[in-house]
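The values are calculated or read from the model by the stated rules, or taken from the named source; none is laboratory data. Bear in mind that the values here come from a model prediction, so they are computed numbers and not experimental data. Please note: Cβ atoms are built from the backbone with ideal geometry, for glycine as well, and neighbour counts cover all protein chains shown.
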Amino acid sequence: MHHVLIERACRTGRHDFDALPRNPEVDVRPANRSDLTTLAEMANRLVPGVQIGEVELKRYFAFDPESILTFSRKGKLLGAVAFLYLNHRGHDALIFDEMSLTHPEMGLLAGGADEVSAIYVWAIAGLGRAMAGLGNVSQHLSGPRYAAADLFAHPTTKAGRDLMVTLGFHGIPSFQPDLWCYQRPWNRLPRHLPGPRFSIRSQSDARR
């Protein structure tokens, strides 16, 4: 996961992502095609090590317009978060380190009519009050298409790890190096039951 962290987000202490308060001052919505040029420039300027071309961004946007959510306030674009909505094949490929996270194959992504098995936080960048809209993002991801899917990310900096801890993510055992997961509250096993032996995905399979 690549991002620019608003330090205030970590100073407020630990939170559960799905319980974050909604912020009426920050508008979170699926991106418009007209936003993509600005978002590509913003990501490349603000996020260390990220090189996202406008053409590439448009390719994934065309496949699923809801894969990019923008943050704005009083009509000013503050940033965005991009997700990879993975199907079951993509979920397995993520856990077993069998997919490119910079150029993921389209066959690993869930189409609009497909069940979303896992959500990978691909990139997040923002200015000013952008991160105050994370509660609005969690509200969006509580919709019927996404609610059953746990979130995954790769924190690449100390700030990234701090944010993951703040939002309730944990490092998990997987073949994918340094993979972190936020398990949705309704997917968590009761404390008296043993956890999954290998991965979050194997737990999901065991319930079927």
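The table below gives the values:
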{"item": "The stretch 1-35, subset more than 13 Å from residue 78 (Cα to Cα), of a type in the set (A, V, I, L, M) and at pLDDT 50 or above, residue surrounded by the most Cβ atoms within 10 Å (Cβ to Cβ)", "result": "20"}
{"item": "Residue within the stretch 166-179 that is in a helix (DSSP H, G or I), of a type outside the set (Lys, Arg) and at negative phi present", "result": "yes"}
{"item": "Residues of the stretch 166-208 classified as crowded, with 16+ Cβ neighbours inside 10 Å and at pLDDT 50 or above, total", "result": "14"}
{"item": "Which numbered condition residue 112 misses (of (1) in a loop (DSSP other than H, G, I, E, B); (2) buried (at least 20 other Cβ atoms within 10 Å of the Cβ))", "result": "(2)"}
{"item": "Residue match in the stretch 45-62 (condition: modelled with pLDDT of 85 or more and at positive phi)", "result": "no"}
{"item": "Answer residue from the stretch 75-97, given it is farther than 21 Å from residue 147 by Cα and in contact (Cβ under 8 Å) with a residue 12 or more places away in the chain and is nearest to the chain's Cα centre (by Cα) among those", "result": "79"}
{"item": "Selected residue (only one of 147, 132, 159 is surrounded by 18 or more Cβ atoms within 10 Å (Cβ to Cβ) and within 26 Å of residue 78 (Cα to Cα))", "result": "132"}
{"item": "Residue match in the stretch 133-141 (condition: closer than 29 Å to residue 38 by Cβ, touching a Pro at 6+ places or on another chain (Cβ under 6 Å) and touching a residue at least 12 places away in the same chain (Cβ under 8 Å))", "result": "yes"}
